[in-house]
Amino acid sequence: MIRSAVAKEKKTTVPILVVLPECFNSPYGVKFFDKYAETIPDGYTSKALFGIAKELGIYLVAGSFPERDVQKPKTLYNTCTVWNPKGELITKHRKVHLFDVDIPNAITFKESDGFTPGNQFTIVDVGPARIGIGICYDIQFEEFARIYRNEGCNLLIYPASFSLTTGPLSWELYQRSRANDTQSFVTMVSNARDYANEYVAWGHTMLVNPWGQVVKSLKEDEGFIATDVDFTICDQVREQIPVIHQRRTDLYDIVVKVPIK
């Protein structure tokens, strides 16, 4: 799938960025996390990722997979790795907000039974894109996205796996909301829908522009979005509606309590 997507864009002179979904190498379920967990960067999945990034000469935001802590093997994280065209690991993001929900007669899931939450913001610069990374449930927290906007990000990436309950309610809503909040491009990249799994993903990978408009989206089947992103649109929106300068920080503010990577 990665090779097919890159083949359509290979003639471009700007950096190619590929994004994968959440838990792309394992079923999404607490009972699977320990079985599929690997250390980074010497695990099987990491080796495959740096290999494909180097082969194709791309930047790769590799969704997420279960990471085993080298120092504390029983500690697992839901981790996104980012690779450059040389196959080098640039950084990684550990999911900050874990999906612990109980919706009667619909879904009960406690991600914290398998994962430990991360405690960092993660920013990566790729060409004209200044990227803030979250994973799935991270998108529900507008303060988290606001920090990325305050740090100059113009693209927010959330590998994600919403359920058949939460997907119809909020998949598009959250992306358009965060795009409008931050005047940035926002994308959530999902697994395709597979009813053979206990946890069935909503699908519908999507890209939203800084106006909150859906640029492109998939349905529930396997596929990919290939498109050019014009980041000058972010500048235009921010100049025309300068909310970053109009916020009343004498009345309210959002405070960062950890160093930004």
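For the reader, a short list of remarks on this structure follows.
- For segment 141-184, filtering for residues that are of a type in the set (A, V, I, L, M, F, W, C) and open to solvent by 10 Å² or more (accessible area, probe 1.4 Å) leaves 7.
- Restricting attention to segment 110-147, the residues being basic (K, R) and either over 17 Å from I244 (Cα atoms) or in a loop (DSSP other than H, G, I, E, B) (or both) number 1.
- Residue match in segment 233-255 (condition: surrounded by 16 or more Cβ atoms within 10 Å (Cβ to Cβ), part of a loop (DSSP other than H, G, I, E, B), touching a Lys or Arg at 6+ places or on another chain (Cβ under 9 Å) and not aromatic (F, W, Y)): no
- Segment 39-89, subset of a type in the set (D, E) and open to solvent by 30 Å² or more (accessible area, probe 1.4 Å), residue farthest from E22 (Cα to Cα): E55
- Residue under evaluation P168, criteria (1) out of contact with any Gly (no Cβ under 9 Å at 6 or more places or on another chain); (2) under 25 Å from I123 (Cβ atoms), criterion not met: (2)
- Just so you know, in segment 185-198 the residues that are of a type outside the set (D, E) and assigned to a loop (DSSP other than H, G, I, E, B) include one that is most open to solvent (accessible area, probe 1.4 Å), and it is Y195.
- Residue match in segment 200-209 (condition: assigned to a strand (DSSP E or B) and hydroxyl-bearing (S, T, Y)): no
- Residue match in segment 92-105 (condition: at pLDDT 95 or above, assigned to a strand (DSSP E or B), under 29 Å from G57 (Cα atoms) and open to solvent by less than 10 Å² (accessible area, probe 1.4 Å)): yes
- Residue under evaluation T91, criteria (1) in contact (Cβ under 8 Å) with a residue 60 or more places away in the chain; (2) touching a Leu at 6+ places or on another chain (Cβ under 6 Å); (3) not basic (K, R), criterion not met: (2)
- Top-ranked residue of segment 243-260 - restricted to ones that are of a type outside the set (A, V, I, L, M, F, W, C) and under 26 Å from the mean Cα position of the chain (by Cα), ranked as nearest to L17 (Cα to Cα): P259
- Listed by first and then second residue, the pairs with beta-carbon distance under 7 Å, at least 6 apart or on different chains, first residue in segment 234-261 and without any contact (Cβ under 8 Å) to a residue 60 or more places away in the chain, second in a loop (DSSP other than H, G, I, E, B), are V237/Q183; V237/P210; V237/W211; R238/Q183.
- Options D113, D138; residue that is buried (at least 22 other Cβ atoms within 10 Å of the Cβ) and in contact (Cβ under 8 Å) with a residue 24 or more places away in the chain: D138
- Residue that is farthest from the chain's Cα centre (by Cα), among those in segment 148-179 that are assigned to a helix (DSSP H, G or I) and under 16 Å from I131 (Cα atoms): N150
- Positions within segment 199-216 being open to solvent by 40 Å² or more (accessible area, probe 1.4 Å) and farther than 21 Å from L20 by Cβ, in sequence order: W211, Q213
- Residues in segment 116-130 that are surrounded by fewer than 17 Cβ atoms within 10 Å (Cβ to Cβ) and among the charged types (D, E, K, R): D125 alone.
The values are calculated or read from the model by the stated rules, or taken from the named source; none is laboratory data. Since the model is a prediction, treat every value here as computed from it, not as a measurement. Note: ideal-geometry Cβ built from the backbone for every residue, glycine included; neighbour counts use all protein chains shown. Just so you know, the surface numbers come from the protein's heavy atoms only, side chains and all, with ligands and any DNA or RNA stripped out. Shrake-Rupley method; radii C 1.70, N 1.55, O 1.52, S 1.80 Å.
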